[in-house]
Every structure is written in C-alpha cells, then in structure tokens.
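The values are calculated or read from the model by the stated rules, or taken from the named source; none is laboratory data. These figures come from a predicted structure and were not determined experimentally. Counting neighbours? That spans all protein chains shown, and the Cβs are built from the backbone with ideal geometry, glycine included. Side chains included, ligands, DNA and RNA excluded: accessible areas come from the protein's heavy atoms. Shrake-Rupley method; radii C 1.70, N 1.55, O 1.52, S 1.80 Å.
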Amino acid sequence: MHAGEDRHGKRVSLTTDIAQTSVFIFPKLDDLRQYSLGKKPGYMYTRYANPTITVAEKKIAALEGAESCVVTASGMAAETILLLSLLRAGDEVVSMLDLYGGTLRLFEQILAKFAVKTTFVPYHELGRIERYFTRKTRVLFLETPTNPTLRCADIAGLSRKAHKRGITVVTDNTFATPILQKPLELGADVVVHSATKYLGGHSDLTAGAIVGPRDLVEPARTVMLQSGGNLDPGASYLLIRGLKTLHLRVERACASAARIAAALGQHPKVLRVLYPGLPGNDGHPIARRQMSAYGMMVSFDIKGGERRAERFIDALQLWYLAPSLGGVESTVSYPVLSSHYGLSKERLKLLDVSAATIRLSVGIENAEDLISDLTQALARA
Ligand code: PLP
C-alpha cells in the first residue's frame, strides 16, 4: 500500500497526486542538459515517465517482489511490448495452449507475421515440455491458473527445465494476483498482468504491467516508450487506488469462491466444478504448492448444455453477464460466446471448454447473497 510514496515530514496530500500532464517544465536550459546527460533524474514527457505512473509501478514491483515494473496501456500492450523486447525474427516461443484468447491471437496472428513461430503445448503435455523446445526457443509463456478451466501449470518445475536451455520464462499472473502467487520467487523470469482485472479491481480502467528484474524490464520500458504503449496518469491513479485494497478484496473473494465452489459441487444440475481448491481438480496439487489460496474464479459445467446455460445466466439477478473478471462486482461469463468464440471444436476439446462451461468471477459482495442468487437461477434453468 505504501510503496512508491514518501510523505513523512512533508505538507502534501495523503492521496497520490495525479500529474495530469503530457510534458514537464525545465526551469533552465541547464536543467534539461543535466537531465539529457543522465546526470539529474526527473521527468520530461509522460510517455517516457510520469510521477503518478512511477508510483503505480513501484507498488506493483513491491507486490511481486521485483526490482522493476513498467505499466502499460493494457494487458495486451504489456505482453506485446515484453515479447517485442525479448524476441527477434527467427526466434521461437513455446506456450501453453490454455491461454487468454487475445494472447493466443498475438502469437498466431501478429508475431507470426514477423517470423516468430509459436508452438502450443496442450495442458496434459506440459510434463514433457522439453520435447517442444528447439535450438531457436527463446521464450516459454505460461498462464496459471488458466482461463476458464482454472488448470494450473507448475511454474517452478517448468522454469527449471526452460532455464537448462537458456529460455526466458514469462508468466501471466492475472488470475492469481501477487497476493496468492509469486512467479518470480517460484523461478519465472518475468511476470505480465492485465491490471484491468484484480490489480485495478473496479472494472473502471484498462492497464497492464511487466514486472521482473531490471535487466529484463528496462529493455521492455524502452520498447514501451518507443512504441507508445504507456499508461495514462489518470488511469494510473485509479490503479494505485485499486492496489491499496488488493489484499482485502482477494481475501474476501477467495473465501467466497471456496464456498461457492462447494455449493455448486452439491447441486444436481451441475455436472462438474472447475476450481483449483477442490481435490480431484486438474490443478489442485500444483495450486497447493504454489498458491497461498485458490483464487477468486470458479467455473462449472451445467447439465444440459447451451439451452440450460442460457436460462441460468438470464435468471441471475446479482451476477452481471460481463465478459471480464477481477472487479468488486461478481460477474458471469460464457466462454464459447466470448473469450473462446470462434475456436475450432478440436481446440475447444483440448482446452476442455464446451457450451456447458460457465465462468464466475467472484466479487466482494456477501457470500450468502451470491450463493442464493446462483441457487435460484439454477432452479429456474
Ligand atoms: N491475460 C489474461 C489472463 C486476461 O484474462 C486478459 C484479458 O482478459 C489479458 C491478459 C489481456 O488484458 P487486457 O484486456 O487488459 O488487454
């Protein structure tokens, strides 16, 4: 909460000031000279750096236990900027197949145009990851827990195998947040976030973050400022405000998610519950080792497929149908019509997603209220 701020002994606002400016003034030419020579720190132009943005970066670095952070205009901007800084034409990426759809498209539709090839590894093949590495593999990309099936990848084990080959491990820590999982401590080299989700936490901003050691983050910062993917100071303020309550929101939503998963597991209209906290779930043994609790997302398959899923979703009163996650309001999403829309049947099968799959993002409302709304909607489904 306090990282990046220093107010002791100063007559300043308790809250963080928003430096709502695109450019900064230099009192004299020599001040500009000293700044440009790197002899005096300071701020020149918001796309390069801005005091409000710096506070957000320091807070996220502190949360992940990292030396450095650069925040960006969105989670996708963070991924694009980081990958542009790590890769060059001819390099290869090995990535989990279970990925946020936008990330999948970044690899398949954008990086492929610049002669960067990505090999996707189905979840049950992750134990044999070495088979997918080639002499050209530079990056291993992980996302855990995954969207929407909440499978978990073993960050420590996979990082060890990648490091033997000199491969850089990137982990998308959006679903877990640094409160529940610290990929850098587990062995990953660099972390990316969609800060649009839990870090912001109020569904009122779009932001991303790249977090890790200086030698990986600073080259990414250069790509950020050259390509123009910076976060706005106003959005940085909202992000800072969200970060201050991250631990409280996560604690509350995690406790409710565990109760919701248990309640759904008992319901006769629920075919299966996907939640890493449940023994027997794909991700459970790994989540137990690498997460301090099991997260705020719960997915489930409803008996009867799309028609019943539709009746259930339309009967919800408290849960909003909104294809994002991580906000204080609880939301429901239907992957085959949103994050996973347009994927082939074959790919959906590998991802274990079907028309029966419903994803819940648990917010901070009263858990009893959330469960009773799910129960009444299931009764009507
Ligand atoms: N990573 C994950 C796991 C996501 O769920 C998302 C968005 O849904 C992103 C990255 C992309 O983030 P943004 O929408 O902030 O660009």
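Protection proxy ranking of 217-230, 365-378, by the mean of other Cβ atoms within 10 Å over each peptide's residues and highest first, is 217-230, 365-378. Spatial offset of the stretch 21-69 relative to the stretch 193-222 amounts to 17 Å, using the alpha carbon center of each.
Label-to-label distance for VAL328 and TYR45 is 3.8 nm, based on points extended 7 Å past Cα in the beta-carbon direction. Rounded to the nearest 500, the helix-only mean residue ellipticity at 222 nm of the chain stands at -11000 deg cm²/dmol, with each DSSP H run of n ≥ 4 adding -39,500 (n - 2.57).
For the stretch 48-168, the calculated P(r), taken from all Cα-Cα distances in 5 Å bins from zero up to the bin holding the longest distance, is 2, 10, 18, 20, 21, 16, 9, 3, 1, 0 percent. With r as the distance between the Cβ atoms of HIS124 and ILE371 and R0 = 25 Å, compute the FRET efficiency 1/(1 + (r/R0)^6) and round to 0.05. In this case the efficiency is close to 0.20.
What length, rounded to one decimal in nm, is gained on full extension from LYS164 through to ASP31, with 0.36 nm per residue of separation minus their alpha-carbon distance?
Working: separation 133, 0.36 × 133 = 47.88 nm, distance 4.71 nm.
Extra length from LYS164 to ASP31 when fully extended: 43.2 nm.
The modelled label-to-label distance between ILE110 and THR134, using points 7 Å beyond Cα along the C-beta direction, is 2.3 nm. So what does LEU239 come to for accessible area, using a 1.4 Å probe and Å² rounded to 10? About 0 Å², rounded to the nearest 10. Hey, if you put +1 on the Cβ of every Lys and Arg and -1 on every Asp and Glu Cβ in the chain, which of PRO279, SER203, GLY305 ends up farthest toward the positive end of that dipole? With unit charges placed on the Cβ atoms, the residue in question is PRO279. Between VAL12 and SER292, how high is the FRET efficiency from 1/(1 + (r/R0)^6) when r is the Cβ-Cβ distance and R₀ = 30 Å? Nearest 0.05. Using R0 = 30 Å, I get an efficiency of 0.30. Ignoring ligands, DNA and RNA, please state the percent of accessible area on the stretch 27-176 from carbon and sulfur, probe 1.4 Å. Reported share for carbon and sulfur atoms: 53 percent.
Across the stretch 73-121, counting alpha-carbon atoms alone, Rg and Dmax equal 10.1, 29 Å. Roughly how far apart, in whole Å, are the Cα centres of the stretch 305-381 and the stretch 139-184? Comparing the Cα centres of the stretch 305-381 and the stretch 139-184, I get a distance of 25 Å. Volume per residue of the convex hull around the Cα atoms, evaluated for the stretch 204-301, comes out as 156 Å³. Ordered by solvent-accessible area of protein heavy atoms (1.4 Å probe), largest first, the residues SER292, SER339, SER330 come out as SER292, SER339, SER330. Comparing HIS124, ALA3, TYR341 along the charge dipole axis of the chain, the residue lying farthest to the positive side is HIS124, per the Cβ-charge model.
Taking a ≥ b ≥ c as the square roots of the eigenvalues of the Cα gyration tensor, the stretch 284-333 is classed as oblate, since a/c reaches at least 1.5 and a/b does not exceed b/c. Compute the whole-percent fraction of alpha carbon pairs in the chain spaced more than 25 Å apart. So the pairs more than 25 Å apart make up 56 percent of the total in the chain. Based on alpha-carbon atoms, the Kirkwood radius and the radius of gyration of the stretch 222-381 give Rg/Rh equal to 1.02. Accessible area per residue for the chain is 45 Å², calculated with a 1.4 Å probe on protein heavy atoms, without ligands, DNA or RNA. Three principal axis extents of the stretch 250-319 based on alpha-carbon atoms, in descending order, are 38, 24, 17 Å. Considering only Cα-Cα distances, which of the following residue pairs are longer than 22 Å: LYS113/LYS136; LYS59/LYS161; LYS113/LYS349; LYS59/LYS182; LYS117/LYS197? Pairs exceeding the cut-off: LYS59/LYS161; LYS113/LYS349; LYS117/LYS197.
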